[in-house]
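Okay, structure first, notes after.
The values are calculated or read from the model by the stated rules, or taken from the named source; none is laboratory data. Remember, predicted model here, so these are calculated numbers, not experimental data. Reconstructed Cβ throughout: ideal geometry from the backbone, glycine too, with neighbour counts over all protein chains shown. Side chains are part of the model used for accessible areas, which takes the heavy atoms of the whole protein and leaves out ligands, DNA and RNA. Shrake-Rupley method; radii C 1.70, N 1.55, O 1.52, S 1.80 Å.
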Amino acid sequence: MSNRARMAGFSDARETTTMAEEDRSYARLPADALAEILNNAEQVCAEVETLLLPAMQQREQLRQAALDGGIITTASNARPTTLCAVDGGFAVERTVAVDIVMALAVGVEGFSEDGSGPTWSENQYHPFNQVLLHNVDNERLARTAMMANELAVIADAPHNVRIFDGSHLTAVIQLNSSYSSRSDQVRRLALEVSRECELDTALEAFVTVPQIIGMPKYDSSTELTKRLSRSIGQEIPGDDKFVMSLVLEEGEHTRPVAVAGGAWTQLHLKAFVEAPRREHRYVQRLHEILTPLRQCQLSYMYWKPAGSSSAYRIEMKPELAASDSDISELIATLERQIAAPFVREPYPQYLADVMAKSVGLGLDALQSASHLRLSRTQPDLAPQLIHSYRTEGL
């Protein structure tokens, strides 16, 4: 090949590369739109100051009010015990012809004492997947399947401390998603997976067993903040998790208090009004299991493990809340599982969360494997399984 031909080929390749780069650039967020978004930074900062600065400015007053009110205490020394954490995830892939629904629940064991082996004899995970015709309620099925499997894992765990990654409140809302669906198929499959997971037994354990605690990352409760606001005679904006993160010092926790009414008294599981009677009977049985939660037989506290960390919200059963020695053992156990400053929760809870979020990768793998199999057996159907409605980001 002549030098001229090689140069021409190089020029064509460079031009093609430049065009490809321009195409990718065109698909990204336009510069003017990005500039407009960034112009709002000053407004965002002002709003953050309005919402958060009052609590920071009154930090000392709030802390003194919490001390005077007997809200703050510390745990005594205790020996850590066994711990696990359970979390779940779900994904729905909407292809051209069908929806592929996947849910996953995983359990992760905590660090054990030196020389002791694992409490679980094998890995704990419960998968669920289903192919359905398009229906807007298919995501509801995924949520219920995820939660039913999570509760099955945590109810059977042999550990003395079992962390549910979330609030007891959220678990019930997720479960209820598909029981009230208009879709006969979604409700039928939801009841099937619920029965397979022995949900009635698992839900009862979740509601009553003292070893099962809830540790939600997101918290909108303001009960303690309102109490402290009244004490100092100044309204403090902010939720309890933020304010307790300011007020508590390393190793301190608030005394457990019962959850307030409101959303807790309205917790319910309800079947679709036109569902068959057998569905109503099953869902009503689950609904009755929630009675202790509706009666606010659940307490919560905030605990700050380190000076640089935020406060953790811990939901617990009344038996645990009433025992100082059990709370000390709980805190010692949680403290042992905090491995590094960049992990903002006990390590098993963090790892379970990371693993549960990989459900999307699992769904992609399942979709690809199924597409390859169909390509050999039913080549005309294969494209319907792989083509998605989604526009992938660059």
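All of (1) of a type in the set (A, V, I, L, M, F, W, C); (2) farther than 25 Å from SER229 by Cα; (3) open to solvent by 90 Å² or more (accessible area, probe 1.4 Å) hold for ALA85 with one exception: (3).
ALA263 satisfies every condition listed in (1) part of a loop (DSSP other than H, G, I, E, B); (2) of a type in the set (A, V, I, L, M); (3) touching an Asp or Glu at 6+ places or on another chain (Cβ under 7 Å); (4) closer than 30 Å to GLY69 by Cα except (3). Condition (residue is over 29 Å from THR144 (Cα atoms) and modelled with pLDDT under 95) applied to segment 252-263: is it met by at least one residue? No, the conditions are met nowhere in segment 252-263. The residue list GLY110, GLY70, GLY88 contains one member that is touching a Pro at 6+ places or on another chain (Cβ under 6 Å) and touching a residue at least 12 places away in the same chain (Cβ under 8 Å), which is GLY110.
If you check SER121, SER112, SER76, which single one turns out to be closer than 30 Å to SER231 by Cβ and open to solvent by 30 Å² or more (accessible area, probe 1.4 Å)? Step through it out loud before you land on a result.
Values: SER121 fails: closer than 30 Å to SER231 by Cβ; SER112 fails: closer than 30 Å to SER231 by Cβ.
It is SER76.
Please go through segment 293-304 and pick out each residue that is free of Cβ contacts under 8 Å to residues at least 60 places away in the same chain and surrounded by 22 or more Cβ atoms within 10 Å (Cβ to Cβ).
In the first step, residues of segment 293-304 are kept if they are free of Cβ contacts under 8 Å to residues at least 60 places away in the same chain; the result is 294-297, 299, 301, 303.
Scanning segment 293-304 gives MET301, TRP303.
Determine whether VAL96 is modelled with pLDDT of 90 or more and either open to solvent by 30 Å² or more (accessible area, probe 1.4 Å) or in contact with a Lys or Arg (Cβ under 9 Å, 6 or more places away or on another chain) (or both). Before you say what the answer is, go through the steps one by one.
Working: modelled with pLDDT of 90 or more: no; either open to solvent by 30 Å² or more (accessible area, probe 1.4 Å) or in contact with a Lys or Arg (Cβ under 9 Å, 6 or more places away or on another chain) (or both): yes.
Spelling it out, it is not the case that VAL96 is modelled with pLDDT of 90 or more and either open to solvent by 30 Å² or more (accessible area, probe 1.4 Å) or in contact with a Lys or Arg (Cβ under 9 Å, 6 or more places away or on another chain) (or both).
Of all residues in segment 65-103, those being among the aliphatic types (A, V, I, L, M), part of a strand (DSSP E or B) and touching a His at 6+ places or on another chain (Cβ under 8 Å) number 3.
Is segment 279-286 home to any residue that is closer than 30 Å to LEU62 by Cβ and acidic (Asp, Glu)?
First, the residues of segment 279-286 that are closer than 30 Å to LEU62 by Cβ: none.
The answer is no; no qualifying residue exists.
With respect to the conditions (1) in contact with a Pro (Cβ under 8 Å, 6 or more places away or on another chain); (2) open to solvent by 10 Å² or more (accessible area, probe 1.4 Å); (3) of a type in the set (A, V, I, L, M), VAL209 lacks only one, and its number is (1).
Residue-wise test of (1) loosely packed, with under 13 Cβ neighbours inside 10 Å; (2) in contact with a helix residue (DSSP H, G or I) (Cβ under 6 Å, 6 or more places away or on another chain).
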| site | (1), (2) |
| --- | --- |
| LEU224 | no, yes |
| GLU235 | yes, yes |
| PHE242 | no, no |
| SER245 | no, no |
| GLU250 | yes, no |
| PRO256 | no, yes |
| VAL259 | no, no |
| VAL273 | yes, no |
| HIS280 | no, no |
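SER181: open to solvent by less than 30 Å² (accessible area, probe 1.4 Å) and free of Cβ contacts under 8 Å to residues at least 40 places away in the same chain, yes or no?
Details: open to solvent by less than 30 Å² (accessible area, probe 1.4 Å): yes; free of Cβ contacts under 8 Å to residues at least 40 places away in the same chain: no.
No, not satisfied.
Residue pairs whose Cβ atoms lie under 6 Å apart, sitting 6 or more positions apart in sequence or on different chains, and linking a residue in segment 202-231 that is of a type outside the set (Gly, Ala, Ser) to a partner that is open to solvent by 70 Å² or more (accessible area, probe 1.4 Å) and at pLDDT 95 or above, are PRO210/GLU319; GLN211/ASN160.
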